Amino acid sequence: MNPLYDQMQQQGQQNNLLQRFQQFKQSFHGDPRQQVQQLLNSGKVSQEQYNKAVQMAQQFQQILDFK
């Protein structure tokens, strides 16, 4: 395999993920915590799924360095 090609492909995937996140962020309206809490209260999301989502959000927060 070509390491330069691999690096370019990986960077392209990261850029695509960032673009998708930006699109999601622009289209999202309301309080995210409130909406997730409503999903939890309605039973559409289990406590385990909620905990996993919180954990992933904290990881993203660290990666994106939002505080």
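The values are calculated or read from the model by the stated rules, or taken from the named source; none is laboratory data. Not measured: the values here are computed from a predicted model. What goes into the accessible areas is simple: the full protein's heavy atoms, side chains included, and nothing from ligands, DNA or RNA. Shrake-Rupley method; radii C 1.70, N 1.55, O 1.52, S 1.80 Å.
Overview of values
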| item | result |
| --- | --- |
| Subset of region 19-37 [in a loop (DSSP other than H, G, I, E, B) and open to solvent by less than 100 Å² (accessible area, probe 1.4 Å)] | PHE28, GLY30, ASP31 |
| Residue match in region 1-18 (condition: at pLDDT 80 or above and assigned to a helix (DSSP H, G or I)) | no |
